Structure formats: structure tokens, C-alpha cells
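Let me begin by presenting the structure, written as C-alpha cells, before commenting on it.
Just so it is clear, none of the values below were taken in a lab; they were calculated from the coordinates. Worth saying up front: this structure is predicted, and the values here are computed from it rather than measured. Positions of Cβ are backbone-derived with ideal geometry, glycine not excepted, and every protein chain shown enters the neighbour counts.
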Amino acid sequence: GQQLNQSPQSMFIQEGEDVSMNCTSSSIFNTWLWYKQDPGEGPVLLIALYKAGELTSNGRLTAQFGITRKDSFLNISASIPSDVGIYFCAGLAAEDSNYQLIWGAGTKLIIKP
Amino acid sequence: ETGVTQTPRHLVMGMTNKKSLKCEQHLGHNAMYWYKQSAKKPLELMFVYNFKEQTENNSVPSRFSPECPNSSHLFLHLHTLQPEDSALYLCASSQGLRGLTDTQYFGPGTRLTVL
């Protein structure tokens, strides 16, 4: 079946650093979604991307829908302690008029004290 | 306040027990979902209900039995589970007008441990 490769699996960064993570696939997607999950909570949608090449920002977060439609990137600028959590990408693919939402395994962001 | 609540937040059960997970959404949505989340793995979609009708069952073992009495409530009945079923079970809801293209809103999850 379709799969998303999300990397890195985890990141240890200093407060104030920029963060970059990505998701790649061999399949084409129509929509890319980026979610964040805080400890003890469910995922919350951060950014949705609907067109190849689209670049969308949400505060310090910026995400891009890759031109090939097979990948997406999420960048966080000037990280702060509340950025810790697990970031998930999800891609929406259409197959035989059925949609499938495929999830990445997550990138765990840890800020070094 | 996410608008989607789940109870209990934690559950420990033996393999012979019967228990139920409850999800309630206060967003006026028409679609509800059950996901299984295991550490370092992608979310696994288990069931989808749209306007109270089950529209998706992703080859989930019969020891998991969903119930959707109305658009605001979703249950997951558990019976004779296995230790490998231990995970975080997430409920989500969406408007239900555009299927999986709708934005999903998640509850906080139930952390299930099967002994």
C-alpha cells in the first residue's frame, strides 16, 4: 500500500534554532496536511496544502507542497519550548475515485534545556 | 477545548474483560473516526462513520466493535483483546460533507493497556 516516509524520526534542538522536517513518498498526493500532537492530546491541524508548489505559513511555521506532489516540508523558525511535541504529515491520495489519508510516523521535537 | 472528548482517558484491562471507549463531539459534525496510535508508527484508521452509517472498516479484528448511535457519539466496544492491542485510541470528527478531504478534529485519546 501507499506509504509516507517522514524524517527525521526525532530532533534534539536548542531553543531559538530553526527546524526542518519532511515527508516523501513514491505516490502522488492531492493534499498535504501537517498536524502537531502535544503530550497527552490528540493531533491538531497546523497547515493544509492543496496545490503543488504551494507555500503556506502559520506564524513561525511554513509548509510547502512539493512540485512533484510526492513530498512536503515543514519548517519552524526560532523554536520555543512550546514547540515540543510530535509533528505528523498526512497525505490525501485519490485511487479509483476513493480517497485515502496516509499518515507519516511522526517527527518528535525535543528542545534541549 | 477541542470540541471532541473521550472517556476514559486511561484504561487497563485483562484479556478476558469487556470494556467500551466513548467519544463525543460538540462541533455539529456528521463524520466520526476511530484511529489506533502506536509509538513511532503512523496513525491507523480503524472505522469511519458518516451520518451514522459505517463507511469504512479497515480490516479491523472483530474483537473491536464500533457503535455510532447518533452523529455526536461514537463508541468502541472491546472484547477479548490481546496485549498487542495496547495503544492510544484516538477519536476524530469532521463535517462529513467531503469525506476524507474534510479537516479532522481529534480528541485527546484513550490510553489502553491490555494485560
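For residue B:55, the residues whose amide H sits under 5 Å from its own are B:48, B:49, B:50, ignoring neighbours fewer than 5 places away on the same chain, with H placed 1.01 Å from N.
Think of segment B:1-113 as a dipole: +1 on every Lys or Arg Cβ, -1 on every Asp or Glu Cβ, centred on the Cα centre; then among B:12, B:31, B:61, B:12 lies furthest on the positive end. Isolated cysteines in chain B, defined as those with no second cysteine Cβ under 4.7 Å, comprise B:68.
For segment B:9-115, the list of chymotrypsin sites (Phe, Trp or Tyr not before Pro) that fall in a loop by DSSP and count at most 14 other C-beta atoms within 10 angstrom reads B:51. Fewest neighbouring Cβ atoms within 10 Å first, the residues A:44, B:48 line up as A:44, B:48. For the protein assembly as shown, the normalised intensity computed at q = 0.09, 0.16 Å⁻¹ comes to -0.37, -1.14 (log10 of I(q)/I(0), Debye sum over alpha carbons, equal scatterers, no solvent).
Counting neighbouring beta carbons within 10 Å and listing from fewest to most, the residues B:97, B:21 come out as B:97, B:21. Compared with the direct C-alpha span, the chain from residue B:86 to residue B:9 gains 26.4 nm at full extension, assuming 0.36 nm per residue. Working note: Cα atoms of segment B:39-85, range along each principal axis, descending, whole Å: 31, 24, 18. Kirkwood hydrodynamic radius computed over segment B:72-115 comes to 12.3 Å, based on all pairs of distinct alpha carbons.
Take peptide B:42-48, look around each residue's Cβ out to 10 angstrom, count Cβ atoms belonging to other protein chains, and average those counts. Rounded to a whole number, the mean comes out at 4. Running Debye on chain B with equal point scatterers at the Cα sites and no solvent, what base-10 log of I(q)/I(0) appears at q = 0.23 Å⁻¹? So the normalised log intensities are -1.36.
The Cα atoms of segment A:28-107 define a convex hull whose projected area, averaged across directions, is 5.5 nm². Charge dipole (Cα centre; +1 on Lys/Arg Cβ, -1 on Asp/Glu Cβ; no other charges) of chain A amounts to roughly 100 debye.
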